1. For segment 252-325, please list each of the helices (runs of 4 or more DSSP H) lying entirely inside it that holds at least 1 residues being of a type outside the set (S, T, N, Q) and either touching an Asp or Glu at 6+ places or on another chain (Cβ under 8 Å) or not assigned by TED's automatic domain parsing to the domain that holds V190 (or both).
2. Can you pull out every residue in segment 66-95 that is crowded, with 17+ Cβ neighbours inside 10 Å and basic (K, R)?
3. Looking at (1) under 24 Å from G318 (Cβ atoms); (2) of a type outside the set (D, E); (3) in the same structural domain as P301 (by TED's automatic domain parsing), can you tell me which one Y166 breaks?
4. Does L131 meet the test of being buried (at least 22 other Cβ atoms within 10 Å of the Cβ), under 21 Å from the mean Cα position of the chain (by Cα) and outside the structural domain of T232 (by TED's automatic domain parsing)?
5. Would you check if A315 is touching a residue at least 40 places away in the same chain (Cβ under 8 Å) and surrounded by fewer than 19 Cβ atoms within 10 Å (Cβ to Cβ)?
6. Can you tell me which residue is nearest to the chain's Cα centre (by Cα) among those in segment 235-265 that are of a type in the set (S, T, N, Q) and closer than 25 Å to L322 by Cα?
7. Which of (1) over 17 Å from the mean Cα position of the chain (by Cα); (2) at pLDDT 95 or above; (3) surrounded by fewer than 15 Cβ atoms within 10 Å (Cβ to Cβ) does E281 not meet, given it meets every other one?
8. Within segment 4-44, take every residue that is among the small types (G, A, S) and at negative phi and give me the one that is modelled with the highest pLDDT.
Amino acid sequence: MGGRLIEGVWYAHGYEPDDKGRFVRQQSAFRDWTVDAHGARFRPEVGRYHLYVSYACPWAHRTLIMRQLKGLQGAIPVSVVHPLMLDDGWEFRDYPGSTASTAEGVHGVRYLRDVYLAAERMYTGRVTVPLLWDTLEKTIVNNESREILRMFNHHWQAVAGDTTDYAPAGVIKSVDDAIDAIYEPVNNGVYKCGFAGSQEAYEEAADALYAALDHWDGVLGERRFLCGHQLTEADICLFTTLVRFDPVYSVHFKCSQRRIVDYPNLPNYLRDLYQRPAFRETTNMDHIRQHYYRSHTFINPTGIVARMPIFDLDAPHGRERLGRA
């Protein structure tokens, strides 16, 4: 279930809806940027920064995809939390049968909250991933996934193994507009359905979610990617929700009106993305399913993990007909 820090003290408790039962997401607290410019406080340097992630978390997953697309694996080491987020929040411990969880790689601590406290002793807020830590300044640079995504894409070119730009000048406004448009109804919308505290809040979130999915399914009938013929940051942001949708959100979060596989265009779009190494190799479905079904005991008190749906992500997608990759 997790919890939060209040003036440096950990309290285990769940999410608190607003007065109408709506889920309200906390704003990210650390918003500095790595910038490749003389005199910048946080300059991109190989080995200086450390990325903390959960394979289960769609927000952290975004940053892992971009890190791999840009060939930054050797420049930015990663620590991966255990898939379960229980009363002590994200923690670093062995996960039986998997090598995908790690020890904490900088401080030698058990809980992610201790990394937050190393940056701000009296921190108040939720303890979330992703988190980019600076080993030189000994502080958190940023814990906002969208900004870390853009940093890795635009500000690490000097050390990147691949300098492809996933938000180039010619389409950057379209990319930002698309990310804005999918965030509230889709990326956050599945959580607003799952964590709704009233029927009214759930119906409101579900209406917005399916209106957005219907819209983007239509767009993807005309073009290969969200912003045209080129893979962009916007596709990464949508992918991490879509790949979790049928295995988790359609059951656990009551996003049951339609699955992704029921749409005309979204299933093959999802396959088109998944079949790229940076997407496939950072998608850990075991961590994803174990986390959601076994961490949210207020939704699923038995901890039973639902079976995987029948949906072959490796099947031919046929999206080449819509334009170049």
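The values are calculated or read from the model by the stated rules, or taken from the named source; none is laboratory data. In this text, all values refer to a predicted model and were calculated from it rather than measured experimentally. We place every Cβ from the backbone using ideal geometry, glycine too, and count neighbours over all the protein chains shown.
1. On the way: elements: 266-274, 277-280, 285-295.
Fully inside segment 252-325 and qualifying: 266-274.
2. Hits for segment 66-95 are R67, K70.
3. For Y166, the exception is condition (3).
4. Numbers: buried (at least 22 other Cβ atoms within 10 Å of the Cβ): yes; under 21 Å from the mean Cα position of the chain (by Cα): yes; outside the structural domain of T232 (by TED's automatic domain parsing): yes.
Taking the combined requirement at face value, the residue satisfies it.
5. Values: touching a residue at least 40 places away in the same chain (Cβ under 8 Å): yes; surrounded by fewer than 19 Cβ atoms within 10 Å (Cβ to Cβ): yes.
The answer is yes for A315.
6. Initially, segment 235-265 is screened for residues of a type in the set (S, T, N, Q), giving 240-241, 250, 256-257, 265.
This time we only want the ones that are closer than 25 Å to L322 by Cα, so: 240-241, 265.
Details: T240: 6, T241: 8, N265: 22 Å.
In this case the residue turns out to be T240.
7. (1)
8. Within segment 4-44, the first condition is being among the small types (G, A, S), and the residues that meet it are 8, 12, 14, 21, 28-29, 37, 39-40.
Checking which are at negative phi leaves us with 12, 14, 28-29, 37, 40.
Working: A12: 91, G14: 75, S28: 84, A29: 89, A37: 93, A40: 96.
This residue is A40.
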